[in-house]
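Since the structure comes first, as C-alpha cells, the remarks are kept for the end.
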Amino acid sequence: MKAFRTLYYKTGNNMINLRNSPFLWFAILLIVANGLCDMTSEQPFSSSFSMMLAICTIAGVFCGRRYSSKRTLWPTLALSLCILTAGAVRYNSYEHSLFPDPVLAKPTKVHLVAEVSKVLKVKDRATTLKCHLLEANPIQTDAKIPGDKFILIRIKGNPPAFLPGDQLSAPGWLMPIQASLNPHAFDLQAYYRTIGIRHQMSCADTAMQVVAGKRLALMRISAHWQYKMCKVIRSNTSDQVAQLTNALVFGERSSMDAEIRDAFSDAGAMHVLSVSGMHMAIIYSLLYLLLGPPGKGTLRKRWWRLSIYTISIILYMAITGASPAVVRAGIMIMLFILGKSMGWNTGVWNLLGFAAFLMAWQDPFIWKNIGFQLSFLAMAGILLYTQPIIRFLSFKSIVLHRIWQITAVSLAAQIFIFPLILFHFHQFPLTFALSSLIAMPAGYLIIFGALLNILLSPLSIDLLWSLFDHTGLLFLTSMQWLAEINPHMNFSMPLSTMIFLLAAAVVFTAGLMYQWTSGKPWATGCLIAAILSLSWHRTVQWTRSDLTMYHNYNGFIVDLFDKGNCYSLQDSTVSDVQVEFVARGQRVYRDMISHTRLDDHQAYARANRHFSVDGFFSSNLSVSFWSRNVIVGKKQGHTRYLVIDKSEEPELLKDFLKQNPDVFTILPANADRRLKSQLIDFLHQNNLRYHDISTAGYLSIPL
C-alpha cells in the first residue's frame, strides 16, 4: 500500500476539488438533480441513480473536508443548491417538452406524418427509425393522441434507405412501448425512454409514402456522407470487413451481424466497435500529423490551425452519429486544443467535467444511458490509474514498455466499470488486455486505411483495397480466436454487490488521493460486504425451486430451476437467439450451474418430481399441457395448473374446465389469438382463475 501510494504521487496527480476542477463537481450535482427528479416522477429507484448518488456523496464529503473554513464552505453549499435547483428545473422542462401528455392506455389506429431523426436498426425485412412526430390523426376512434416529440416506427418489408430529414406518411397502430414481461430481461421501455421515446408504431413498406427532406440540413448532410462512405467500403471489401469497418470508422452498426458483434464482445474489445475516445484520439493524431502541434507558430497560424482541428472533429462527430462517448471525447479534445492554442494550462478533470456538464444539461436523460456511464467511468479510471500502473513495472525494452503501456490503459479503464459490466451484462471477458493489444494498433490501420482508400477512390486508385481487406479479415479472425479461448462465464450480480464493489473502488481511490488513512480498511470492508452479499444471493437462489413460463410470441418456453440447475422445454420453432433474449436474464440471475434442454424422449425425475413434455408432476402439484391431453386427477391438497398450449377441440376444453373449477388456467403468449379470446370470455363468465402471459407477463410457480 505504501509503495503504491509513493508511485501514485510521483505521477503528479492533482487534488480533485472545486478549485482545480469545478465543472466536475457541477456535472455530478447536475446528474444527481436529474436522478432525484427521475426518482420522484415515474421510476421509484434505479441502480444507475444509486451508483451516481454514492459517488457524489463520497466525493462531496471529501470536498467539504478540503474546504472546511466558514469563508468557503457556505458559498460552496449555496452554489451546490443553485445547481441542484437549476438541474431540477431543466429536467422538468425537458421532460414536459418530450412527453406533454399521459401514455396511451391502449393501442389506437392512426395515420401519422413523421420526420426521420435517426436510423436505429436495419435488418432483413425490417427497419427501425426514431422519428420526430409531426402529425397524428386517429382513424377509427376519437381517442386523444399524445403529443410526444419522438416516436419509434418499425417498417416491415424492404423500405428504401432513410436519411435524417426524410418525411414519411403511413397508417398503423400506435401503442406504448411495453416494459419487459420476462424476469431480469433487457427493458426496452427503459432504454427507449432514455432517448425520448415512449410510443411505437408498425407499418408495411407498401402502405407508406416517403418525401425526401431538406438537402441542406446539417444532420442530413453528415448522414448522407456516412451513407456514401459506407457504400464505398461495402463495394470494395468483403461483407464482414465492410461491417467491421463501417462500425469501427463511422459508427454505423445498424446492419451488423450478431456473429461479428459477439466475437468482439466475448473477446473484451466491444469498445472498438463503439466510436469513442480511442477513435477520436486516432483522428487527432492524424490531424496532428498533417497540421502540426496546435500551439505552434504565430497567433494567426494557431487560429487557422484551431479552426481546421475544430471543424474536422465536429464533422467526424456528426458523421459517426454523435454518440455520448464520441461527444465526450470530441468536446474534451476541442477544449484541449483551444487551451494549447491560447497557451492555457487546461486541467483534464475540468475538461471531463465540462463535457459531462454540457451533455447532462442538453439531455437530462443521458445519465441513465449505459454508454454514458461506462464512457465517463472508464475515462476516470484511465486518468487516475494509468500512470501508477505503468510505473509499477519497468522494462528496459522499448517494445515491452509500449506493450505494458497499452495493457496499463486497458487495466485502468476496467477499475470503475468492472461492477457495471458484471451487473448489466453478467460476464467479464478475461482476454480484455490481450484483445486491447491487438485492437489498438489494428484500429489505427483500419481507420487510416479506410480514410486513405476513400480519398483515393475518386482517382480510380484501387490497389490498396485488397491489402486493406486482408488486414480487416486478419483483425476479425484474431478477435474470433480470442473469443473462443475466453472462458464463457455468466456472473450473477445483484444490485447490492454492484454498489459495494463500486464503493470499494471509490473509497480506495479517495484514500490515495486525499491521504485518508482509513480508506484502506473501509475499502476492504466494502469488498467483504460485496462477497457476503453475493454469497447470500447465490445461497438463496440455489435453495429455491420453481417453474418459470416465459413471455414469448414465437413459441412456448418453460424452465425448471432446481438447486441451481436448469431444465428447459421449448418449441422447435423458437430459435437460440430468441431463447437467449427471453430467458438469459432469469437464468443468469438464478446463478444457473448447468442447463439441460429436454426433448420428447427425455425427462427430469428426482425426489418425487417428474418434468417432461407432458408437464410437471409432484406429490402436491401438477402442471399439465392440454395439447398432450394429460390431465391429472383430483387429489386432496393437490394444486393443479393447466397450460393451454394448443387445442383443436375448444368445446371439450370448456367442458373440462366446468367440471374442474379448481384448475388454474395458464394462457401462453404464443397461443392462438382467436382461441385465447374465446377462452378469456368463457373464464370470465364462469369466474374461473387464469393467467394470460401475453398481457400479465411471465408466470413463476414455486415448487
Which of (1) aromatic (Phe, Trp, Tyr); (2) over 29 Å from the mean Cα position of the chain (by Cα); (3) surrounded by fewer than 21 Cβ atoms within 10 Å (Cβ to Cβ) is the odd one out, the single condition residue 491 does not satisfy?
-> (2)
Condition met for residue 155 (within 16 Å of residue 104 (Cβ to Cβ) and without any contact (Cβ under 8 Å) to a residue 60 or more places away in the chain) | no
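Surrounded by 14 or more Cβ atoms within 10 Å (Cβ to Cβ), among the basic types (Lys, Arg), within 29 Å of the chain's Cα centre (by Cα) and within 22 Å of residue 494 (Cα to Cα): which single residue out of 544, 538 fits that description? Spell out the reasoning first.
Working: 544 fails: within 29 Å of the chain's Cα centre (by Cα).
Among 544, 538, only 538 is surrounded by 14 or more Cβ atoms within 10 Å (Cβ to Cβ), among the basic types (Lys, Arg), within 29 Å of the chain's Cα centre (by Cα) and within 22 Å of residue 494 (Cα to Cα).
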Check region 363-384 and report whether any residue there is under 20 Å from residue 281 (Cα atoms), more than 22 Å from the chain's Cα centre (by Cα) and surrounded by fewer than 21 Cβ atoms within 10 Å (Cβ to Cβ).
-> yes
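Out of 325, 329, I need the residue that is at pLDDT 75 or above, of a type in the set (Gly, Ala, Ser), buried (at least 19 other Cβ atoms within 10 Å of the Cβ) and assigned to a helix (DSSP H, G or I). Which one?
Numbers: 325 fails: at pLDDT 75 or above.
Of 325, 329, the one residue that is at pLDDT 75 or above, of a type in the set (Gly, Ala, Ser), buried (at least 19 other Cβ atoms within 10 Å of the Cβ) and assigned to a helix (DSSP H, G or I) is 329.
Can you find, within region 682-696, the residue that is farthest from residue 562 (Cα to Cα) among those that are assigned to a loop (DSSP other than H, G, I, E, B) and in contact with a Ser or Thr (Cβ under 8 Å, 6 or more places away or on another chain)?
So the first thing to find is which residues in region 682-696 are assigned to a loop (DSSP other than H, G, I, E, B), and the list is 686-689.
The next check asks that each one be in contact with a Ser or Thr (Cβ under 8 Å, 6 or more places away or on another chain); those that pass are 688-689.
Working: 688: 30, 689: 27 Å.
Out of the qualifying residues, it is 688.
Within region 559-597, restricting attention to residues that are of a type in the set (Val, Ile, Thr) and touching a residue at least 24 places away in the same chain (Cβ under 8 Å), which residue is nearest to residue 672 (Cα to Cα)? Walk me through how you get there before you give the answer.
Of the residues in region 559-597, the ones of a type in the set (Val, Ile, Thr) are 573-574, 577, 579, 582, 588, 593, 596.
Keeping just the survivors that are touching a residue at least 24 places away in the same chain (Cβ under 8 Å) gives 577, 582, 588, 593, 596.
Values: 577: 23, 582: 20, 588: 30, 593: 35, 596: 28 Å.
That would be 582.
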Of everything in region 88-104 that's over 24 Å from the mean Cα position of the chain (by Cα) and of a type in the set (Ser, Thr, Tyr), which residue is modelled with the lowest pLDDT?
-> 93
Selection status of residue 244, of a type in the set (A, V, I, L, M, F, W, C), under 30 Å from residue 124 (Cα atoms), part of a helix (DSSP H, G or I) and touching a His at 6+ places or on another chain (Cβ under 8 Å) = no
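Would you confirm whether any residue within region 411-423 is in a helix (DSSP H, G or I), in contact with an Asp or Glu (Cβ under 9 Å, 6 or more places away or on another chain), at pLDDT 80 or above and surrounded by 20 or more Cβ atoms within 10 Å (Cβ to Cβ)?
Within region 411-423, the first condition is being in a helix (DSSP H, G or I), and the residues that meet it are 411-423.
This time we only want the ones that are in contact with an Asp or Glu (Cβ under 9 Å, 6 or more places away or on another chain), so: none.
Within region 411-423, none of the residues are in a helix (DSSP H, G or I), in contact with an Asp or Glu (Cβ under 9 Å, 6 or more places away or on another chain), at pLDDT 80 or above and surrounded by 20 or more Cβ atoms within 10 Å (Cβ to Cβ).
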Which residue, of 498, 549, is surrounded by 20 or more Cβ atoms within 10 Å (Cβ to Cβ) and under 27 Å from residue 267 (Cα atoms)?
-> 498
Taking the stated definitions as given, is residue 679 under 15 Å from residue 646 (Cα atoms), part of a helix (DSSP H, G or I) and in contact with a helix residue (DSSP H, G or I) (Cβ under 7 Å, 6 or more places away or on another chain)?
-> no
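Only one residue in 288, 309 is among the aromatic types (Phe, Trp, Tyr) and within 20 Å of residue 225 (Cα to Cα), so which one is that?
On the way: 288 fails: within 20 Å of residue 225 (Cα to Cα).
Unique residue meeting the criteria: 309.
Could you list, in sequence order, the residues of region 178-198 that are assigned to a strand (DSSP E or B) and either farther than 13 Å from residue 129 by Cβ or assigned by TED's automatic domain parsing to the domain that holds residue 423 (or both)? Explain how you work it out, then say what you get.
Restricting attention to region 178-198, the residues satisfying the condition of being assigned to a strand (DSSP E or B) are 197-198.
Listed by number, the list holds a single entry, 198.
Which one is modelled with the lowest pLDDT among residues in region 209-226 that are assigned to a loop (DSSP other than H, G, I, E, B) and surrounded by fewer than 17 Cβ atoms within 10 Å (Cβ to Cβ)? I'd like the intermediate steps shown before the answer.
Here is the first cut: in region 209-226, the residues assigned to a loop (DSSP other than H, G, I, E, B) are 212-217.
From what is left, the residues that are surrounded by fewer than 17 Cβ atoms within 10 Å (Cβ to Cβ) are 212, 214-217.
Details: 212: 73, 214: 65, 215: 58, 216: 52, 217: 63.
For region 209-226, the residue satisfying everything is 216.
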Go through region 428-444 and give me each residue that's in contact with a Phe, Trp or Tyr (Cβ under 8 Å, 6 or more places away or on another chain) and either surrounded by fewer than 19 Cβ atoms within 10 Å (Cβ to Cβ) or among the charged types (D, E, K, R) (or both).
-> 428
Out of region 566-623, which residues are of a type outside the set (Gly, Ala, Ser), more than 37 Å from the chain's Cα centre (by Cα), within 20 Å of residue 664 (Cα to Cα) and part of a loop (DSSP other than H, G, I, E, B)?
-> 614, 620
Region 105-123: number of residues that are surrounded by fewer than 18 Cβ atoms within 10 Å (Cβ to Cβ) and closer than 29 Å to residue 40 by Cβ = 2
Tell me, please, whether a residue that is loosely packed, with under 15 Cβ neighbours inside 10 Å, assigned to a strand (DSSP E or B) and modelled with pLDDT of 85 or more can be found in region 165-177.
-> yes
Restricting attention to region 250-299, the residues that are touching a residue at least 60 places away in the same chain (Cβ under 8 Å), in a loop (DSSP other than H, G, I, E, B) and within 15 Å of residue 443 (Cβ to Cβ) number exactly 5
Residue in region 474-491 that is part of a helix (DSSP H, G or I) and farther than 29 Å from residue 584 by Cβ present | yes
Test each condition in (1) assigned to a helix (DSSP H, G or I); (2) within 25 Å of residue 26 (Cβ to Cβ) for residue 391 and report the one that comes out false.
-> (2)
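The values are calculated or read from the model by the stated rules, or taken from the named source; none is laboratory data. Remember, it's a predicted structure, so these values are computed and weren't measured experimentally. A quick note on method: Cβ atoms are made from the backbone with ideal geometry, for glycine too, and the neighbour counts reach across all protein chains shown.
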